[in-house]
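Below is one structure, written out as structure tokens; the observations come after it.
The values are calculated or read from the model by the stated rules, or taken from the named source; none is laboratory data. Nothing here was measured: the structure is a model prediction, and the numbers come from that model. Cβ coordinates were reconstructed from backbone atoms using ideal geometry, including for glycine residues, and neighbour counts include every protein chain displayed.
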2 protein chains.
Amino acid sequence: MFVILVYDVGEKRVTKALKRCRKYLTWVQNSVFEGEISETNLAKLKMELDRIIVDNEDSVIFYTLRTTRYSQREIMGLRKGGQDLII
Amino acid sequence: MFVILVYDVGEKRVTKALKRCRKYLTWVQNSVFEGEISETNLAKLKMELDRIIVDNEDSVIFYTLRTTRYSQREIMGLRKGGQDLII
């Protein structure tokens, strides 16, 4: 399946959260990640993030797409994820 | 169609961008919006944002889903958009 993940995590925890997300997904913008991921790895990622985030302060949204056949992505302005891939 | 919009816009322009996005979509997290939108309104929103953002500093990602039949959303932690709807 394809996942779009967006987080809003407190400064103290953001590095840890970033590391976890990049382990499984591709970074596309400041707080946005996406990619093909298996159900097992998605469950792992959720578990790992659950240990990091503070429930009443942080927020993580998972959009799960069973197929990308009916969806497309368009970027306006800077491609921030691209820089990340180069570095 | 259904749109998920995520922006990363400089502080000086964020209020304007927020206002434009909320005109057409529902705010779900700090920099995330979603909702059903017509092609005409999506084109309008893109045009309005294009006037606000600085191309080599800001970034706006549009995920366009022709159907939400194959997708789902899950939120971990705080439902920030909910607060917005109450206010």
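Residue B:36 satisfies every condition listed in (1) more than 26 Å from residue A:21 (Cβ to Cβ); (2) without any contact (Cβ under 8 Å) to a residue 12 or more places away in the chain except (2).
Close Cβ contacts (under 7 Å, 6 or more residues apart or on different chains) running from residues in segment B:16-28 that are in contact (Cβ under 8 Å) with a residue 24 or more places away in the chain to residues that are loosely packed, with under 14 Cβ neighbours inside 10 Å and not β-branched (Val, Ile, Thr) comprise B:27/B:84.
Here is a yes/no grid of residues against (1) at pLDDT 95 or above; (2) of a type outside the set (D, E, K, R):
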{"residue": "A:3", "(1), (2)": "yes, yes"}
{"residue": "A:18", "(1), (2)": "yes, yes"}
{"residue": "A:28", "(1), (2)": "no, yes"}
{"residue": "A:33", "(1), (2)": "yes, yes"}
{"residue": "A:48", "(1), (2)": "yes, no"}
{"residue": "A:52", "(1), (2)": "yes, yes"}
{"residue": "A:69", "(1), (2)": "no, no"}
{"residue": "A:72", "(1), (2)": "no, yes"}
{"residue": "A:78", "(1), (2)": "no, yes"}
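Being more than 20 Å from residue B:8 (Cβ to Cβ) and of a type in the set (A, V, I, L, M) is not true of residue A:14. Of all the residues in segment A:45-72, those that are facing chain B (nearest Cβ under 7 Å) and of a type in the set (A, V, I, L, M, F, W, C) number 6. Taken together, A:74, A:57, A:34 contain a single residue that is closer than 21 Å to residue B:33 by Cα and touching a Gly at 6+ places or on another chain (Cβ under 8 Å), which is A:57. Quick check: is even one residue across segment B:13-26 at the interface with chain A (Cβ under 7 Å from one of its Cβ atoms) and touching a helix residue (DSSP H, G or I) at 6+ places or on another chain (Cβ under 9 Å)? No, because not a single residue in segment B:13-26 is at the interface with chain A (Cβ under 7 Å from one of its Cβ atoms) and touching a helix residue (DSSP H, G or I) at 6+ places or on another chain (Cβ under 9 Å). So for segment A:5-16 (the condition being among the aliphatic types (A, V, I, L, M) and either in contact with a Gly (Cβ under 8 Å, 6 or more places away or on another chain) or farther than 26 Å from residue B:17 by Cα (or both)), does at least one residue qualify? Within segment A:5-16, not a single residue is among the aliphatic types (A, V, I, L, M) and either in contact with a Gly (Cβ under 8 Å, 6 or more places away or on another chain) or farther than 26 Å from residue B:17 by Cα (or both).
Just one of the listed residues (B:77, B:10) is of a type in the set (Gly, Ala, Ser), under 24 Å from residue A:57 (Cα atoms) and facing chain A (nearest Cβ under 7 Å), and it is B:77.
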